[in-house]
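Undergrad: First the structure, then my questions, so here it is.
The values are calculated or read from the model by the stated rules, or taken from the named source; none is laboratory data. The structure presented is a predicted model; accordingly, all values stated were derived computationally and were not measured. Quick reminder, even Gly has a Cβ in these numbers, built from the backbone with ideal geometry, and neighbours come from all protein chains shown. Heads up: the accessible areas ignore ligands, DNA and RNA and are worked out on the full protein's heavy atoms, side chains in. Shrake-Rupley method; radii C 1.70, N 1.55, O 1.52, S 1.80 Å.
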Amino acid sequence: MCLVQTHPTANVRLREAPQLAPSTRRGFRSIVAGGLTGGINICIVFPTEFIKTQLQLDSGKNIMTAHHSVMFPYRATVLESKNVKLFNGSADVVKKTINAKGLKGMYKGVSVLLCGSVPTYSIRFGVFDLLKGHFSGRDGNLSPLARLGCGMGTGVAEAVLLVTWVETLKVRLISDQKKKVPLYRGPVHAASSIIRNEGPFGLYKGFAPTVLKQGSSQAIRFSVMESLRSWYTGGDSNKSVPKPFVAMFGAIAGGTSVLGNTPVDVVKTRMQNGSYSSSMECARQIARKEGVRGFYKGCLPRMNRVCLEVGLAFCIYDTVMDVFKTVWPSK
């Protein structure tokens, strides 16, 4: 008689190795795609930036008016000072500018901004991809704190390298249009004149508020955008987001950043116009003369511009990167 001892078969569960997300370090492709995004974007949204800057610079003029009494109709008895604004809103800026200078007037200063936007967007998306590749987890996603940090680092980098002096030239050129005899013949002449009269640091007026503005803007925008992407995909970095949703998420991210830092943008614009010696003095003067509302001048046109610009930017960038996957695949 043969006895056969059987052993119950042990259930062995094999755990699949975690699938790593594709590398987010897309290198030079991110820089090129960012530059293309900036060039296309700025040509579309510049008129709204022009309107915003004109409203922020319109602090008004004090006009003295004489009041006559009934008894002495030919003698002024009371002099009254009244602050009169040049523009009565965004539509008035468009109407007066086109009447005076034609449609080209709405694009005054676009050349310097276009030259600045291409490298700015290259830096923006290139630096963010670099930081994201360094700080993202094994699944390719960033933690909420890392999203803020990567966005902040991106904004500071672009402010230091490009944005400050580009914005200074843009504001000076737009403000120069108000003069009967313009001082500047173009961006190169404006830059050389500022350096000659104010030194190299004249191009970096408003440096502190610009760094604060860009750092906070990109921290908010990239944080909101990455959060919305993660929410839509359920944390799966291999899943793509449809372009309409990318545009919508970008617009939400841009609008959120406007609500957070318009006061800083107003101070930055006034500083770059060359009217104040320091950011603190500028803020005090705005608060004293115009109150809290003065810090939100141009908020509506800036909201319109930023929502459009950021929504388009992320949509254009994702589209360019999708094309690059075919014509310029990463190794």
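Undergrad: Hey, any idea what % of segment 230-331's accessible area is carbon plus sulfur with a 1.4 Å probe?
TA: Values: 3200 of 5120 Å².
Carbon plus sulfur share of accessible area: 63 percent.
Undergrad: If each of Lys325 and Trp231 carries a label point 7 Å out from its Cα toward its Cβ, how far apart are those two points in nm?
TA: 2.4 nm
Undergrad: Give, as ranges by residue number, the residues of segment 304-320 whose backbone N falls under 17 Å from the point 7 Å along Cα→Cβ of Leu86.
TA: What the label zone holds, given the 17 Å backbone N cut-off, is no residue at all.
Undergrad: Enumerate the calculated ³J(HN,Hα) couplings along segment 304-311 in order (Karplus 6.51 cos²θ - 1.76 cosθ + 1.60, θ = phi - 60°), each rounded to whole Hz, writing x wherever the residue is Gly or Pro.
TA: In residue order, the calculated couplings are 4, 5, 5, 4, 5, 5, 6, x Hz.
Undergrad: Which entry in (1) 179; (2) 205; (3) 188 is this structure's computed volume of the Cα convex hull per residue in Å³?
TA: (2)
Undergrad: If amide hydrogens are placed 1.01 Å from N in the peptide plane, which non-local residues have theirs closer than 5 Å to the one on Trp328?
TA: When sequence neighbours closer than 5 places are left aside, there are no close amide H contacts.
Undergrad: So what is the 222 nm mean residue ellipticity for the chain from helices alone, if each DSSP H run of at least 4 adds -39500 (n - 2.57) and you divide by all residues, rounding to the nearest 500 deg cm²/dmol? Provide the component values of the computation, followed by the final result.
TA: On the way: 10 runs with 206 residues, N = 331.
Calculated at 222 nm, the ellipticity per residue is -21500 deg cm²/dmol.
Undergrad: A further question on this structure: Using 7 Å Cα-to-Cβ label points, what is the Asp139/Lys289 separation (nm, one decimal)?
TA: In this crude spin-label approximation the distance works out to 5.3 nm.
Undergrad: Under a 5 Å amide H to amide H cut-off, with H placed in plane at 1.01 Å, what residues pair with Gly60 once short-range neighbours are removed?
TA: So Gly60 has HN proximity to Leu86.
Undergrad: Leaving out same-chain residues fewer than 8 places away, which aspartates and glutamates sit with a Cα under 16 Å from that of Lys289?
TA: The reachable aspartates and glutamates, counting only those whose Cα sits under 16 Å from Lys289, are Asp58, Glu281.
Undergrad: Just flag the trypsin sites (Lys or Arg not before Pro) in segment 189-269 sitting in loop per DSSP whose Cβ has no more than 16 other Cβ atoms within 10 Å. Walk me through the numbers on the way to the answer.
TA: On the way: sites: Arg196, Lys205, Lys213, Arg221, Arg229, Lys239, Lys268; in loops: Lys205, Lys239.
Here the trypsin sites (Lys or Arg not before Pro) that fit, given the DSSP loop and packing criteria, are Lys239.
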